[in-house]
Amino acid sequence: MAQDFLGNATRITFIADESNVKNTTLVSYGGIDGTIKIVDISSLPIGLSQKDMEKTLNNMGDKMPVIGTARFQCESREMGDMKLDILSLAGEVVLRIERKKRFGILWLADGDKEIPARFSDGTTAAVVRVSKTAGSVEIDVAGEQGLYFRRWIPAWQARTKWILCAFLCFFPTFAVGSCFGFYKASTSDVIHKMTKHSLGAVIDLGDSLQHVMTFEGASTWKEKLTLLTLGAYMITDELTDKPVSHHTESSGF
C-alpha cells in the first residue's frame, strides 16, 4: 500500500482550510487538531503563484485530485506535541509521526530533535531531524546510510525586497510607495530551497513554493514517501506552533 500511495505524482500540495483545522481549547495556544488534504498537482502549470494554484484547485470542486489526507492532533501548542497520521483515501494509515515536545530554546531545549516516521507495521520509514536553525529541517531515508534531504527557508525572499523598498520609499513618495511595498510584501510567496545529500555529495533540487513538495530528487518510492513525510511534518509543525497570528486560514504546502 505504501509503495502505491503516491502513484505517478511528481508534485503535491497540502491544503488546510479553516473548516478542517480547529482549536480544541478556549485559548489559542492550547490544543488544535485538523485534517489536511494531500493533492496531486502534477498536471498544473509550473510557476503558478500560491494564490493562483489554490484558486485553480478550489475551482475544481469535487474533481480536485486528492490522493490522501494528513490528520493531526496537538494537545498544547505551547509545548508543541504532535500526532500525525497520513491516510489513504480508504482511511488506512500509510505513515505515522509522533512528537512529544517541540525542540527550541529555553523551556523547549529538551524537545525532540529526532522524530521517526513509521509505516503501519511499526517499521521506520524515515527520521526527521530538526535544529535551532530557523526554518531548517532534515530527513533521513531509513536504511539508506548517508542519504537525506534538507529543506529550509532562505533569509532573502521577495517580501524582504519589498519591505526594504517600502522603507526607502517612505520620504521620497510621502509614504505612498511604502504602502505599496508593504502590500506587495504581504502577498509575496514564501520560497523554500531543498537539497539531496548522498554520501557527501550535494544535489541542488531547486526552489519551490512554501506549501509545494516536488519529487524530482526522489529515485525510489521510499524516497518519495520520505519527501512526503518532510512536507507533512513542516506544515503540521507550522499549524501546531504557538500562534502569533491566526494560523487556520486557507493554505496549502
**Request:** Could you grab me the full set of residues in the stretch 77-108 that are open to solvent by less than 30 Å² (accessible area, probe 1.4 Å) and over 16 Å from Val128 (Cα atoms)?
**Result:** Arg77, Leu87, Ser88, Val94, Leu108
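Let's see how each residue does on (1) hydrophobic (A, V, I, L, M, F, W, C); (2) more than 17 Å from Asp237 (Cβ to Cβ):
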position	(1), (2)
Leu6	yes, yes
Lys37	no, yes
Arg77	no, no
Leu89	yes, yes
**Request:** Output the strands (runs of 3 or more DSSP E) that fall wholly within the stretch 134-234 and possess 2 or more residues being open to solvent by 30 Å² or more (accessible area, probe 1.4 Å) and at pLDDT 90 or above, or say none.
**Result:** 137-141, 147-152, 191-198, 201-209
**Message:** Regarding the stretch 223-236, can at least one residue be identified that is within 21 Å of Glu114 (Cα to Cα) and of a type in the set (Asp, Glu)?
**Reply:** yes
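The values are calculated or read from the model by the stated rules, or taken from the named source; none is laboratory data. These numbers come from a predicted model, not from an experiment. Methodologically, a virtual Cβ is constructed for each residue, glycine included, from the backbone with ideal geometry; neighbour enumeration extends over all protein chains shown. Only protein heavy atoms, including side chains, enter the accessible area calculation; ligands, DNA and RNA are left aside. Shrake-Rupley method; radii C 1.70, N 1.55, O 1.52, S 1.80 Å.
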